[in-house]
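I have placed the structure first, in the form of structure tokens, so that the comments after it can refer back to it.
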Amino acid sequence: MAANSEDEKWMRRALLLAAKGYTRPNPMVGCVLVKDGRKIGEGYHHFAGQPHAEVEALRSLTESVEGATAYVSLEPCCHFGRTPPCTDALIASRVKRVVVAAVDPDARVSGKGLEILRAAGMDVTSGVLAERANQLNAAFVHYHTQRSPYTIIKAAMTVDGKIATSTGKSRWITGTESRREVHKMRARSSAVMVGVGTLLADDATLTARLSPPPPVQPMRIVVDSRLRTPVDCSAVRAISEEAQLLIATTEGASYDAGQRLIDVGAEVLRLPSTDNRVDLRHLMRALAERSIISILVEGGAELNASLIRGNLAQRMVVFVAPLLFGGKEARTPVEGGGIDQVESAIRLGKLVSKRYGADVTLEADIVPSGVSGS
């Protein structure tokens, strides 16, 4: 059965529900059950290990679902994980039609769920608002197609492009609304990453501090090639079962310094080096093996440059405050060696802007090196 305007209406609702979840490493999924043009149930996947959206929707029913249409923002799963297959639940419910936004890129599903539903005699329509659904789950899609974490570089800067004053002061460039949004971004990421220089300058805790608290904290990662992370810094003091800290370092870094960090609960991950620095490609592979599907990078300028130069970052989000710092020595979001010709600039995709109090954000995809910009 072909899609229609009603299908888009209800799928928009399913996508709004999906966006409420904190589901990593699972996708965000919403489901709406509709019968005779009326909503009779809805639900979303709250977080990993909890019932999926389809089951939540079926549990919320206000009347019999037989003959109804299920609108699901991602192809229903058809394998056993922490929960049973959602295809089984839909078939058992005797739903008549299933409308799906995007196909699940996970190789365990990837079209098989749709085939199972069709084989059970259901009318199945897919591709309704697929682009929007894939944008919502950009991290999940990237991870399952590229086998690497989806990496967002976040920076806060003044209008003249400075992330700190000439003396290194950066608290606070942006306002409370922007900082609250950053905590939301942390909560939805598998990991938060900084370079050790940023850790030393800001003494950041790197946890997601929201009210109510998020169901899970991101893994906190410090890229520290020489193991300069102090055992008494805020990030180390905040180590707990919920807030883990991983220090990525080189094989040649001090073992005594590493043991001191291990003794206070940090994990020290030794990796190959390039130019005496952590090889970031090896780091990304190691994180992918741990099911880290998304990373929010919060500094510093050299780490940002290395990630972009290595085609290891997919998106950039810059919070811009109505301030001017000036100063030749004041740092900028992306440093490194830079480029020598305008034609060699790193390209970004379509810029999107949002407002948070007095600040604005500019965000866009990072076009990989060697690919023409749009």
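Which residue, of LEU312, LEU283, is surrounded by 15 or more Cβ atoms within 10 Å (Cβ to Cβ), closer than 28 Å to SER240 by Cβ and either in contact (Cβ under 8 Å) with a residue 40 or more places away in the chain or among the aliphatic types (A, V, I, L, M) (or both)?
After applying the criteria, what remains is LEU283.
If LEU16 passes every condition in (1) among the hydrophobic types (A, V, I, L, M, F, W, C); (2) modelled with pLDDT of 95 or more; (3) open to solvent by less than 40 Å² (accessible area, probe 1.4 Å) but one, which one does it miss?
Checking LEU16 against (1) among the hydrophobic types (A, V, I, L, M, F, W, C); (2) modelled with pLDDT of 95 or more; (3) open to solvent by less than 40 Å² (accessible area, probe 1.4 Å), the one that fails is (3).
Write out, first by first residue and then by second, each pair whose Cβ atoms fall under 8 Å of each other, whose residues are 6+ apart or on separate chains, and whose first residue, in the stretch 107-135, is under 17 Å from ASN26 (Cα atoms) while the second is open to solvent by 30 Å² or more (accessible area, probe 1.4 Å) and outside any loop (DSSP other than H, G, I, E, B).
Pairs found: ALA107/HIS144; ASN134/VAL141.
Please pick out the residue among VAL297, VAL334 that is open to solvent by less than 20 Å² (accessible area, probe 1.4 Å) and within 30 Å of GLN217 (Cβ to Cβ).
VAL297
From SER148, SER211, which residue is surrounded by fewer than 21 Cβ atoms within 10 Å (Cβ to Cβ), modelled with pLDDT under 95 and on the phi < 0 side of the Ramachandran plot?
SER211 is the lone residue from the list that is surrounded by fewer than 21 Cβ atoms within 10 Å (Cβ to Cβ), modelled with pLDDT under 95 and on the phi < 0 side of the Ramachandran plot.
The values are calculated or read from the model by the stated rules, or taken from the named source; none is laboratory data. Model, not experiment: these values are computed from the prediction. Neighbour counts run over all protein chains shown; Cβ positions are idealised from the backbone, glycine included. What goes into the accessible areas is simple: the full protein's heavy atoms, side chains included, and nothing from ligands, DNA or RNA. Shrake-Rupley method; radii C 1.70, N 1.55, O 1.52, S 1.80 Å.
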